[in-house]
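The structure under discussion appears below in the form of structure tokens.
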Amino acid sequence: MADRRTRSMKNSNLSRTAVNRASMIALQLQGESSKLLELYRQKESFPADATDGRLVLVPPSSSQLDTRDKLWRLHSALLQTQSLLERAITKEEEELGGGIKGEYENQRKTVKGRLSFLLLTTGNLLKAVDGAASLTPSLEGLELDGPATLFQLKLWLLQVFSEVHHWSKAAVTTLQELLTNAADERSSTTRVRSTRSARR
Amino acid sequence: MPKLIFQHTLKLNCSFPWLICVLVNLLALNTHAQTIPTVPKQVSLSADLSVKELTISWFGGAASTFDLIILRTEFNTSVFYDTISATMNQASGRHEWKWTSAEPLECTSLSVRIRSRDGLATSEWSKMDTFPGRDLPSNNTLQMYPHDRVVEVGSNMTFCCIVKEGKTFKEMLYGNTVMNVTRLSRRSYATTLVNVEPTGVSGSNIVCRLEDLSLDGAVMFVGYPPLPSDFVCETQDLKSAECHWKEARDSHLTGGRRRTRYSVNSRNCNVDLQLTCRLPLWDGNWTLMAENSLGHYSLSDSAELIHRVRPVAPVNLSSVVNAWNATVMWQWTYESYFTLDLNCQVESTNHESKTLHVFSGVGLRSVKLSGLHPDQAYTVRVRCGHQKYFWKWGNWSQTFSFKTQTDVTDPPDVWMWMNKDRTGLVVWKPLGYQQSHGRVTGFEVTLWNPEDVEQHTQILPPNTYSVRVNLTEMASLGVNKKVFATVVVKNIKGASPPSRVPLRFIDEQPLVLSKPVFTNNRLFLFWQQNATNTCNYLVEWLDTSCEHDCPVKWIRVAAGSTNVSIESENFKPGVRYNFSLYSCPSDSPQLITRWQGYTQELVPSRSVPLSVKSQDSKVVITWGEIPLSDRRGFVLGYNVYISNGSELALLANLSSSEMRRYVVKGLSVGNYKFTVKSYTSAGEDTGSTASITLEPFTDALILEMLGALGTITILLIIVTFICYKKRNWVKKAFYPDIPEPKLPGDWSRLQGPLDVRPSPHSMVHIVEKPERDFNKETLVVIPEEEEYFEKDEPVDTDEPMSLRYYNQVVDDRPIRPRFPDSSASSASSLDSGHTDVTYTGIQTSGSSLVFQPDPQGSSEEQPPEVVLYDGGYKPQMHPKVLSDDVVLKSSNPFQESEAASSVGYKPQCSWHLDSPTDTAETSSLAPSLGSPTSVTSTQFLLPDGDGDEKNKQQPSSAAATWFSNLLLSSKP
């Protein structure tokens, strides 16, 4: 009970407005990453089912996870995604870049910026829940061994963009859950108070 | 040995000389067979996978010709089989031969066998040597070859896909195109791209897909080798070299490591931003090398330093400014420029107009710009080039701005407009920025005449461009004196030189007004050269419709000119302008010529005032002129239309503006609308419409009527005349003499028509007695009810309002009481208050004139036997029917009805004036005689006792009977 009370207090530090704002950013990122994925597929004439497998490694999602853990998991995934995306952009510029920048390159830049913004927002949410805990999720397993061929590099880029899209969707879902939970907690608190006052 | 067999067969068929030849050959063969080439040994295979080249080396002894066969190991299919020549490497003692494969060498294992050949003699095949492919079972991954290949545009390229063990190949895609595939081995599939097109920065993908949707692929880059051009080196600091070039063709290989690398004189050049390479010293000779994955290209250049000087941009510009000029100064970055022979351009910009000044000099660092205008802002920039060995202009300096000093303004351009009443306007043009030379503070206008000392001066504020003058108010100027107006402009530097204009009303009006020429948005005026005229000209224009204090515009033209063109922006379309050319406008202006016209004609803005009137059977359309200001063009004529429903039909096109009347003839009676539209060269106006209704011609109608009446009158006269001439015959035929009835007693009282007034309730019924013959004539009386409803029927008013009894011939047809001759008369008999009984025949008591007693009893001529009535009037009984016997017989059936109608009319059959017993009855009839009911009868009612008389008069009444029948038969 003490734990719960503590958590509840901690959760109360989580501003509904901040969560809502983060959710909106995630929603924007979802749309933008979807467009980026589409542009890349068109550019490289990749089939729609040309990618599989996950690059980002985080603990599996569970309904047992509390708010802090959910946020930590999301933030960790987004950090890994950002790292992957930055490396992907650098690698692509090195191996395949040059020439005039077009819509694809602009969209890539937009997604990169939006992901950074979402990370900042989720970082602030995590701080609000867990105090000033240091957030250094592991980036193990994300090292690119250097795709042997340019085609493999292109496939890897596709995977990275898919990961960005996947985790933007996951961010929307997680943040919406947090909003719902917060609303439920508030209503139950109000109910308990009213019951107590009625008993008195 | 098939060859041998073949030769033996020849031996059998050939002649002897041939046999000798064959034997010689066999001998030779046997000799060779004895020296069989050695079998190649230690065959070694090595490959350059990037170029798909397989190098085969072996120990082949002395032989230089070999048979070589290359097979795909798995399917044992031959990909190469030929006789080759291979030289022995003297150092290693091995023969070597290179073979380039169409497919990548990784695609599948290849096996090679070689045998030596010496003419026809060959050795045994060497042992099979295999170059392993990547489709060996030990390599159990999905693979694609070749990787990341860069090829030239137009090449053919083969790719192969090695599927995983146990997986099923699905397809190979190039972009979105499914490619045709060749199976090389159990796991290897190949496809070939032919004549490849240039690819994008990131290349094109060739994708291999398996049925389980796993995929691998390869990226291919297609482009061109580098092709640089325009390679030149130059100097700016007079020490180092800066080389530039261009790419004549896009290599399409710009990404990653595939981009072209450049070097000049073996120095690598960084060409991220532009194709430039800097060398610290002037070498004099340079070689550019461009290289990419597909090849390289080199270009050379050589020059002396002094020939390739492109000066740097001047820096630190400054100026010394006056009203009409300025000195611009700058500095050079390198001192070596101080001795350089330079050619410099100075570009000055003022109100977006640019002027280029060119200056020359050694180490040029300052120039004086003249031709500037006072109080103007200028922006200048400078660039230079070598004067003697000009190579290129250097870069432009940064721009530098300054403003010139102010000065007194230019004299204003003054003109005047004088009215007839010695009033007028002195007008001048606003000063442009190049004339004001500073902010204008005001104007000073002075009126004066050369003979008088007195002047009238007026000070006006800035932005005033005209002043009204009234010479009559200035007594000192006199009526006939020459008066001038002088205008001076003032600014902060002082007063401008004065401009003068004589104030004089110019009333000459040339007889002929020319039209100006308007083309290409300009108006052109031409005039004859006047040798005696040495003054300038002035062309003035104004709206033609203006008469008082007109806002004139003008332009000055140099002396000796014969034409001038004026911008159309000065004029409004649709406005008529007067253009006047004056000579000597500043001293004594003389009108040379005058034009009148439009820069652009429009359709009239107002329609003509229209009136329409009829004149006899014609319609006269007249209209007035459109006011000048509304014409908006020269009226060329008028179109007259008649409105035809919703459309206008052209009646006439009057191609003269003077014709303003039109007569329309031949119109019938009716309503007409006429529209008149004036037109200019721009088209028609909207038109004025007037309507008129043509009435019938009444005089003619009256004449026609009079004519008809006259004709009728003449006809009547003729008929009357004829009748008069033939009166005896007419009288005999139509009106034979009627014998005077001889009556006992005083009959004179009954000389007039018998006035019989039926009782208001009397009803007359026609009863046909069954015991009588139906075909006998009966007296028909129309029932009152029917008569009542027949009132609306037309009634022949010419007939007397009498109750008429006709002895109708009863035929097979039913009796039609609606006939006008019966019903109408009956109706009238009921309605009239006074009835005349006209006797057109004499009816005796026993018979009538119509129904003559016929002893033989013709059924058609039998009169009606019985007449019933409700009361009042009783119809006359047929004389024959009314004989005593008949009456007695027939009275019985009527006794009841008579009793029922005890009051009322008694039948006239009992009318016996001579009988004293009947006197009372006769007298009792008197009221009925005075009743308002009229009875018109063609038979005279006579007493029964006159039967003899009747017989006597029978012949004389035959004519009357005939006439009566004629009248009856004429009825419908």
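A short reminder: the numbers here are calculations on the coordinates, not readings from a lab. Source: prediction; values computed, not measured. Cβ atoms come from the backbone with ideal geometry, glycine included; neighbour counts cover every protein chain shown.
Would you please classify the overall shape of the range B:46-96 from the alpha carbon gyration tensor, given that a ≥ b ≥ c denote the square roots of the eigenvalues, rounded means a/c under 1.5, and beyond that prolate means a/b larger than b/c while oblate covers the rest?
Working: a/c = 2.61, a/b = 1.49, b/c = 1.76.
Note, shape of the range B:46-96 comes out oblate.
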Expected sort for A:165-174, B:525-534 on mean C-beta neighbours within 10 Å, highest first, is A:165-174, B:525-534
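From the square roots a ≥ b ≥ c of the eigenvalues of the alpha-carbon gyration tensor of the range B:374-437, which class results: rounded (a/c under 1.5), prolate (a/b over b/c), or oblate? Walk me through the numbers on the way to the answer.
Numbers: a/c = 5.75, a/b = 3.51, b/c = 1.64.
Prolate shape, in that a/c is at least 1.5 and a/b is the bigger ratio.
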A correct Kirkwood calculation over the Cα atoms of the range B:315-403 returns a hydrodynamic radius in Å of 13.2 Å
Least to most buried among A:Ile100, B:Ile714, B:Ile162, by other C-beta atoms within 10 Å and fewest first, runs A:Ile100, B:Ile714, B:Ile162
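A 20 angstrom limit on the alpha carbon distance is what I want to check against. Which of B:Lys354/B:Lys388; B:Lys429/B:Lys482; B:Lys368/B:Lys388; B:Lys368/B:Lys403; A:Lys91/A:Lys154; B:Lys239/B:Lys392 exceed it? If you can, show how the numbers build up before the last one.
Numbers: B:Lys354/B:Lys388 27 Å; B:Lys429/B:Lys482 23 Å; B:Lys368/B:Lys388 22 Å; B:Lys368/B:Lys403 14 Å; A:Lys91/A:Lys154 10 Å; B:Lys239/B:Lys392 17 Å.
From B:Lys354/B:Lys388; B:Lys429/B:Lys482; B:Lys368/B:Lys388; B:Lys368/B:Lys403; A:Lys91/A:Lys154; B:Lys239/B:Lys392, over 20 Å: B:Lys354/B:Lys388; B:Lys429/B:Lys482; B:Lys368/B:Lys388.
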The simple spin-label model distance between B:Asn176 and B:Ser240, using points 7 Å out along Cα→Cβ, in nm, is 5.2 nm
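I need B:Phe402, B:Phe505, A:Phe151 ordered by Cβ neighbour count within 10 Å, fewest first. Walk me through the numbers on the way to the answer.
On the way: B:Phe402 19, B:Phe505 14, A:Phe151 24.
Listed from fewest to most nearby Cβ atoms, that is B:Phe505, B:Phe402, A:Phe151.
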Quick calc: nm separation of the 7 Å Cα→Cβ label points for B:Arg261 and B:Ser46 -> 2.4 nm
When all Cα-Cα pair distances of the range B:458-611 are considered, the percent exceeding 23 Å is 50 percent
Projected onto their principal axes, the Cα atoms of the range B:197-288 stretch, largest extent first, over whole-Å spans of 69, 20, 19
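Distances longer than 17 Å among the Cα atoms of the range B:610-694: what percent of all pairs is that? Working shown, then result.
On the way: 1562 of 3570 pairs.
Of the Cα pairs, 44 percent sit more than 17 Å apart.
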To the nearest 0.05, the calculated FRET efficiency linking B:Gln528 and B:Gln434 through their beta-carbon distance, R0 being 25 Å, is 0.15
Label model pair B:Tyr735, B:Asn671: point-to-point distance (7 angstrom along the Cα→beta-carbon line) in nm is 5.7 nm
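Is there a simple number for the mean count of other chain Cβ atoms within 10 Å of the Cβ of residues in B:214-226, and what is it? Walk me through the numbers before you get to the answer.
Details: counts 2, 8, 4, 9, 4, 9, 2, 2, 0, 0, 0, 0, 0.
The shielding value for this peptide is 3.
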Cβ density ranking, 10 Å radius, fewest first, applied to B:Arg631, B:Arg594 yields B:Arg594, B:Arg631
Zone reached by a paramagnetic label modelled 7 Å from B:Ser691 Cα along Cα→Cβ, restricted to the range B:624-647 with backbone N below 15 Å, covers B:642-647
Full extension between B:Thr333 and B:Lys392 adds, at 0.36 nm per residue less the Cα distance, a length in nm of 19.5 nm
Per residue of A:96-104, other chain Cβ atoms within 10 Å number on average 4
Residue separation between A:Glu103 and A:Ala18 times 0.36 nm, minus their alpha-carbon distance, gives in nm 27.5 nm
Full extension between B:Thr622 and B:Glu152 adds, at 0.36 nm per residue less the Cα distance, a length in nm of 160.3 nm
Karplus ³J(HN,Hα) for the range B:125-136 (6.51 cos²θ - 1.76 cosθ + 1.60, θ = phi - 60°; Hz, whole; x = Gly/Pro) runs 5, 6, 5, 6, 10, 10, 9, x, x, 8, 9, 5
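Given Cβ point charges of +1 (Lys, Arg) and -1 (Asp, Glu) and nothing else, what value in debye, to the nearest 20, does the dipole of the range B:41-131 about its Cα centre take?
Details: 9 positive and 11 negative charges, 46 e Å.
My answer is approximately 220 debye.
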